Amino acid sequence: MSIFFLSGKRGASDAEPAVAKGPLIVRDPAARLIFAQTAEVRAYWEALRDGATLPARAQIDPRGIAGALDCAFIIERIAPGIARFRLAGMHLVELMGMEVRGMPLSAMFDPMGRAALATGLEQVFKGPSILDLRLAAERGLGKPSLHGRMLILPLRGDSGAADLALGCLATIGEIGRKPRRFHIATTTQEMLSDAPKARVPEPGFAEAVPGFAPAPVKRPHLRLVRFDD
């Protein structure tokens, strides 16, 4: 099941439906790129997933997401609704104009976006669930039009709990001369508990295998006869 939310203030240029009807056709090459990058990270995560078992942090190999590595990141939960960067690609560094490792993920969002992000993040770790955000950056002097998509996928940490996540933030447009912050245009929360579960094989029509009984003990054919003198 996917849950859709609308969040943030949007103008006519930012408007988009929360749920698209019919097939999505992406004609802009830049738009195709951000869908390709997030799709690559999602496909890699799905390949590591074993049924209902989430991928572990130790399984993540950067070579598996080479085409989206600049946009990829790993975050860890440090409090309810709050996560900080453990690793981040160069694209996120360029967006913020500084190293982001150790910073909270919420630093990339405006105040209204932070509230929606906190709600979505807590569901990522507690659901667990997948969080898909459509973003629009604040505009102004030195801040041209910039839109993006952020995907957050839960991971198991060393303790076995879902306290880490693999993410991807891809954008369309120029970053500009100043650090960028985003507001959330739409939020999609995909609960993993609703994913199809592996089927348990049902008994077939073959006959049951008979058990093995111990072979009967046979008496010896020869007997010792004693003759007394």
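List of remarks:
- First in region 48-70 and on the phi > 0 side of the Ramachandran plot, second anywhere and basic (Lys, Arg), Cβ under 8 Å, 6 or more apart: 51/197
- With respect to (1) in a strand (DSSP E or B); (2) at pLDDT 95 or above; (3) touching an Asp or Glu at 6+ places or on another chain (Cβ under 9 Å), the lone exception for residue 3 is condition (2).
- Restricting region 104-135 to residues that are of a type in the set (Asp, Glu) and farther than 16 Å from residue 80 by Cα, the residue that is surrounded by the most Cβ atoms within 10 Å (Cβ to Cβ) is 132.
- Qualifying residue in region 77-84 (condition: free of Cβ contacts under 8 Å to residues at least 24 places away in the same chain and under 21 Å from residue 183 (Cβ atoms)): yes
- Qualifying residue in region 145-156 (condition: charged (D, E, K, R) and over 29 Å from residue 47 (Cβ atoms)): no
- Yes/no for residue 93 being among the β-branched types (Val, Ile, Thr), more than 15 Å from residue 78 (Cα to Cα) and either in contact (Cβ under 8 Å) with a residue 12 or more places away in the chain or in a loop (DSSP other than H, G, I, E, B) (or both): no
- Of all residues in region 170-179, one or more are on the phi > 0 side of the Ramachandran plot and touching a residue at least 12 places away in the same chain (Cβ under 8 Å).
- Tally of residues being of a type in the set (A, V, I, L, M, F, W, C), assigned to a strand (DSSP E or B) and more than 18 Å from residue 191 (Cβ to Cβ) across region 132-149: 4
- Single residue of 101, 63 found to be surrounded by fewer than 17 Cβ atoms within 10 Å (Cβ to Cβ), in contact with a strand residue (DSSP E or B) (Cβ under 6 Å, 6 or more places away or on another chain) and outside any strand (DSSP E or B): 101
- Residue, nearest to residue 71 (Cα to Cα), within region 161-191, restricted to residues that are in a loop (DSSP other than H, G, I, E, B) and of a type in the set (A, V, I, L, M): 175
- The one condition from (1) part of a strand (DSSP E or B); (2) within 17 Å of the chain's Cα centre (by Cα); (3) of a type outside the set (A, V, I, L, M, F, W, C) that residue 122 does not meet is (1).
- Evaluated against (1) of a type in the set (Asp, Glu); (2) farther than 26 Å from residue 87 by Cβ; (3) at pLDDT 90 or above, residue 202 falls short on exactly one condition, (3).
The values are calculated or read from the model by the stated rules, or taken from the named source; none is laboratory data. Because the structure is a prediction, the values reported are computed rather than measured. Neighbour counts run over all protein chains shown; Cβ positions are idealised from the backbone, glycine included.
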